[in-house]
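Q: I have a structure here, written as structure tokens, and I will follow up with some questions on it.
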Amino acid sequence: RLQENPNDLDAMFMVGSAFRDVGNLESARNFYNKILAINPNDQKTKDALFELSPESGYDEYSQGYDLQTKGDGSAASMINAAMHYKKALQINPNNYKAKIALGGLDSDNKNYQGAINYYVDALKSMPATVTLSDGQQYDNPEIYKTLSQLALNQSWLSTQKTGEEKQQLLDSAANINK
């Protein structure tokens, strides 16, 4: 798309996000800055660029995420992931993605109260709306996902459900998020 229209802001954003996703943060920053040079009021791009700044804690969050999702799954990997998420929160206490990830780790370890605390903190930190490339604001879908995780953990904490019952709840939550 960029070959046909070098000023296609949506295509530039997608390329910048792809660079971010593979860890090429400098190229991602370059694409986001090109967008802002054309449209300095693009809030979505401003937010994406801030996420890559040292003040956001993104680097620490990203390292934790990689350990959690691409690591060997060992307890040591999960502990290291949690350490990176906590460092991300030291850098930016409003990093709701790190709070959600820590909630997930606590939930996996059956520390349901800890998970609940992280999910509640995440809900307090996350923006209520997101702005898409069309300039329209929409409800932040992360809110609904986090609320469903919060409800699951509250249920698990209060009833200590069996493995089969937990799987049924997870399946129900997965359908809600679709």
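Every number here is computed from the coordinates shown, using simple stated rules; none is lab data. Quantities reported herein were computed from a predicted structural model and do not represent experimental measurements. Here the Cβ is made from the backbone with ideal geometry for all residues, glycine too, and neighbour counts use every protein chain on show.
Q: Using only alpha-carbon positions, what ratio does the radius of gyration of segment 72-139 give when scaled by 2.2 N^0.38 Å?
A: Rounded to two decimals, the normalised Rg is 1.29.
Q: How big is Rg to Rh over the chain, alpha-carbon atoms, Rh as the Kirkwood inverse-mean-distance radius? Write down the numbers at each step before the final one.
A: Values: Rg = 18.2 Å, Rh = 17.8 Å.
Reported Rg/Rh, Kirkwood definition of Rh: 1.02.
Q: When only DSSP loop residues count, what trypsin sites (Lys or Arg not before Pro) in segment 1-41 have their Cβ near at most 12 other Cβ atoms within 10 Å? It would help to have the intermediate numbers written out before the result.
A: On the way: sites: R1, R20, R29, K34; in loops: R1.
Those satisfying the criteria are R1.
Q: Okay, moving on. Give me the Debye-computed log₁₀ of I(q)/I(0) at q = 0.25, 0.28, 0.30 Å⁻¹ for segment 5-52, equal point scatterers on Cα only, no solvent, two decimals.
A: Each listed q corresponds, in turn, to -0.83, -1.03, -1.16.
Q: Looking at this model, which pairs from K110/K145; K34/K70; K44/K145; K70/K110; K46/K87; K34/K86 are more than 29 angstrom apart at the alpha-carbon? Intermediate values should be presented prior to the final figure.
A: Numbers: K110/K145 19 Å; K34/K70 31 Å; K44/K145 20 Å; K70/K110 22 Å; K46/K87 23 Å; K34/K86 32 Å.
Listed pairs above 29 Å: K34/K70; K34/K86.
Q: Divide the volume of the convex hull of the Cα atoms of segment 30-116 by its number of residues and quote the answer in cubic angstrom per residue.
A: Values: hull volume 8.3 nm³, N = 87.
So the per-residue Cα hull volume is 95 Å³.
Q: Oh, and also: Are there DSSP H segments in the chain that both extend 15 Å or more along their axis (alpha-carbon positions) and score a mean Kyte-Doolittle hydropathy of at least -0.5? List them, or say none.
A: 9-21, 25-38, 75-91, 96-108, 112-125, 141-159
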